[in-house]
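Notes follow once the structure below has been shown.
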Amino acid sequence: MLKKSLLVIVATLVAVTVYGQRWQLDSDSNAIVWEVGDNIPHDDHIEMTGEMMSFVMRWGVNEKGAFHGERSLVFPLMRTIPNNTHASLMYRVATDIPSLLGVNGLVLQAEKVEKVKLDGALIVESLWHIGKKNVGSARKAAPTPVLKMTRTIFPSRRMPMMCERYVLRNITEKPLAISIPSLEQTAQTDPKKGVDGAYYIHTSIVNSGFYNVEPNGEITFDVVCQAYYEGDRPVIVDVAAELEARMDFVHGTIDKCLILDTPDDVIDREFRFAKIRAAESIINTRGGYMHAPGGESYYAAIWANDQAEYVNPFFPFLGYDVGNKSAINSFKHFARFMNSEGKPIPSSIIAEGDDIWNGAGDRGDAAMIAHGATRFAMAYGDMKTTKELWPLIKWCLNYCHSKLNADGVVASDTDELEGRFPDGDANLCTSTLYYDALVLAEKLGEEIGVSDAELDTYLARHRALRVAIEKHFGADMGQYHTYRYYEGNDVLRSWICMPLVVGIMDRKEGTVAALMSPELMTEDGLLTAAGSTTFWDRSTLYALRGIYNAGYADKATDFLAQYSRRRLLGDHVPYPIEAWPEGSQRHLSAESGLYCRIITEGLFGICPDGMRSFTITPHMPTAWPEMSLKQMRAFGNTIDIKVTRTGAGKLTIVVTPQGKAAKTYRIKEGATAMVDLLN
């Protein structure tokens, strides 16, 4: 790790003091830990996902120090009726497993949780007493604990099941007689409410039996919650192998790709957790791999915003093969709905690809798809894939052009918030996403041999659109020289960050001031609209990227550090969330992709310039001497990037493509270097 400067350490301590901290960075791993003390009771929820199931674990430690949990299981491939967006089989299990155990013929009592750990699984370490016989019928807790229990809770990587591993250690000086009962619980669903008839949810204990456990000895048993179809049987599970597969995904795949190293360990660690959440939540459906937002609502389906716009452009940088496959698959599904009648592409393709949702009308979905597809294609760097995606990109660009209003900006029925807040007849998000897609499509089209006339069309359109954005949306909102979100808007909105995100800097000073003003800024990030109490992390995450792009590295990093500590080490951890109060801060997965893009596109300022080239404009805060991204798997190569401060206002960038000599660029702070991997 890089050595922290004194300034960064002081800033960290101040932020922790101001914003509070429950969790700590684990010094021995990439995990976070909560050392349970007097800060109870406490409750939280976390979502974890595999290729055939997801679950939300609602867990907590009560005022006496005991753990409690409820498993909310989701099986996206077991469709319910009506087979709509939310038609995944869901079932809750709250069985208290420790209460079923016998130790020396007595029940476990007076649990004291010592530590909770998150590292691709929820790991809970606790001490237990047992009931002690006394004179008469009264029972009291033993004066000292007899058993240490470690629970490890995680999803199967490729089967429709959730697993829990229990390790029991005898911490006394005498043998313990431990009885683990057999458990077979099966719940059947109403066959009239399942697309495939009845479904079965089966909960069982694996490795039940009687054990004499010597002092310091251990035994292990497992609990499996799985679902299956009528006519099938529960699968006999090797939970050790399932845990190994889960940890191999976390430690062997995600931790070895796109490794961030900065002087701020919290930002590094939150980036690591965001990679996990963004990558894990991909369901292997009949319609191919589909990235799932989650939240007990959104599975086996794709959206123009969550998938096409938010997370797909990130996957090439991570280099996770299943992530890239899910991105390509999503664009191919959207391409099914290209048409010559001028009808919009649906906002969402649901039910494993069998149906659509378009309940909010045209949300600017074509602009979202064009933005995501151009950025994905350029970073993915595969000519065959780019040529397959180009017709979709072209169709979306032409559709957006057909929706220009009299002022030259893109009209739509609503935006990605689907009418939750006013958005007018034309909103700033849609036009800026279309602008970005036009700029990149000109470069991408040149790569694949598009005609000069077509490239000139994109150039002319993006130039005209930039003028139109300024004319239509540019406004003084109170004291801030910034943007209105739509015609008639007189309240500051967090989405005014969008011009900064796509490189329009005409009003950057006023926009940054507005974004970081008391009217919008809260401890949880940006309010959706000034005067409201609602926040959606997605606009906060976009705003952070925009503030970096505008050149305010110190402000952006202070903001990012505060936000990261809140999400990673606060009371609801460890991922970016969807919104509040809607959804109760669900861990929707594409938001984690947006967090990662703050680093790649904001902090490092990486922007595709071709399928084998990119620009880099580092926005490193003045307190940092250096930062690096290792094993970035984009633009047809695996690349290490290191940025070092080499003097007042000067930076050195070293780009090392795998198998090639390092490229060194010496620039002034705020300047841009062009990286061509072919030369």
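Quick rundown of the values:
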| item | result |
| --- | --- |
| Contacts under 7 angstrom Cβ, first residue in the range 382-404 being farther than 11 Å from A441 by Cβ and in the same structural domain as V450 (by TED's automatic domain parsing), partner hydroxyl-bearing (S, T, Y) and not in a helix (DSSP H, G or I), 6 or more apart | K403/S412 |
| Pairs where the first residue, in the range 172-187, is modelled with pLDDT of 95 or more and the second is in a strand (DSSP E or B) and loosely packed, with under 11 Cβ neighbours inside 10 Å, C-beta under 8 Å, 6+ apart | A177/F210; I178/F210; S179/F210; I180/F210 |
| Residue within the range 259-269 that is surrounded by 22 or more Cβ atoms within 10 Å (Cβ to Cβ), farther than 30 Å from P175 by Cα and polar (S, T, N, Q) present | yes |
| Residue among A671, A648 that is modelled with pLDDT of 95 or more and of a type in the set (A, V, I, L, M) | A671 |
| Matching residues in the range 539-564 - criterion: being of a type in the set (A, V, I, L, M) and either at pLDDT below 95 or over 19 Å from the mean Cα position of the chain (by Cα) (or both) | I547, A550, A553, A556 |
| Residue in the range 336-352 that is acidic (D, E), touching a Lys or Arg at 6+ places or on another chain (Cβ under 8 Å) and either in a loop (DSSP other than H, G, I, E, B) or closer than 28 Å to C607 by Cα (or both) present | no |
| Scope the range 167-211; condition farther than 26 Å from P82 by Cα, assigned to a loop (DSSP other than H, G, I, E, B) and β-branched (V, I, T); matching residues | I171, T172 |
| Checking E388 against (1) surrounded by 16 or more Cβ atoms within 10 Å (Cβ to Cβ); (2) not in a loop (DSSP other than H, G, I, E, B), the condition it does not meet | (1) |
| Residue, nearest to E63 (Cα to Cα), within the range 16-37, restricted to residues that are in contact with a helix residue (DSSP H, G or I) (Cβ under 7 Å, 6 or more places away or on another chain) and modelled with pLDDT under 95 | Q21 |
| Members of the range 396-437 found to be over 30 Å from the mean Cα position of the chain (by Cα) and surrounded by fewer than 24 Cβ atoms within 10 Å (Cβ to Cβ), listed by number | N398, H401, S402, K403, L404, N405, A406, D407, G408, D425 |
| Test for G50: is it surrounded by 15 or more Cβ atoms within 10 Å (Cβ to Cβ) and under 27 Å from V322 (Cβ atoms) | yes |
| Boolean, S326 is surrounded by 23 or more Cβ atoms within 10 Å (Cβ to Cβ), of a type in the set (G, A, S) and within 20 Å of the chain's Cα centre (by Cα) | yes |
| Test for R139: is it basic (K, R) and at pLDDT 95 or above | no |
| Of residues in the range 363-385 being small (G, A, S) and outside any helix (DSSP H, G or I), the one surrounded by the fewest Cβ atoms within 10 Å (Cβ to Cβ) | G381 |
| Looking only at the range 92-104, and only at residues there that are surrounded by fewer than 21 Cβ atoms within 10 Å (Cβ to Cβ) and in contact with a Ser or Thr (Cβ under 8 Å, 6 or more places away or on another chain), the one that is farthest from I180 (Cα to Cα) | R92 |
| Test: residue in the range 293-307 that is touching a residue at least 60 places away in the same chain (Cβ under 8 Å), in a strand (DSSP E or B) and small (G, A, S) | yes |
| Any chance E125 is part of a strand (DSSP E or B) and in the same structural domain as G209 (by TED's automatic domain parsing) | yes |
| Every residue from the range 335-359 that is over 19 Å from D415 (Cα atoms) and either more than 23 Å from the chain's Cα centre (by Cα) or outside the structural domain of Y399 (by TED's automatic domain parsing) (or both) | A335, R336, F337, M338, N339, S340, E341, D354, D355 |
| The range 58-89, residues that are surrounded by fewer than 19 Cβ atoms within 10 Å (Cβ to Cβ), assigned to a strand (DSSP E or B) and of a type outside the set (S, T, N, Q) | R58, G60, H68, E70 |
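For every residue, the table says whether it meets (1) outside the structural domain of Y299 (by TED's automatic domain parsing); (2) surrounded by 24 or more Cβ atoms within 10 Å (Cβ to Cβ); (3) under 16 Å from the mean Cα position of the chain (by Cα); (4) not aliphatic (A, V, I, L, M).
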{"site": "S532", "(1), (2), (3), (4)": "no, no, no, yes"}
{"site": "W536", "(1), (2), (3), (4)": "no, yes, yes, yes"}
{"site": "R566", "(1), (2), (3), (4)": "no, no, yes, yes"}
{"site": "V573", "(1), (2), (3), (4)": "no, no, yes, no"}
{"site": "C596", "(1), (2), (3), (4)": "no, yes, yes, yes"}
{"site": "T600", "(1), (2), (3), (4)": "no, yes, yes, yes"}
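The values are calculated or read from the model by the stated rules, or taken from the named source; none is laboratory data. Just so it is clear, the structure is predicted and the values come from calculations on it, not from any experiment. Please note: Cβ atoms are built from the backbone with ideal geometry, for glycine as well, and neighbour counts cover all protein chains shown.
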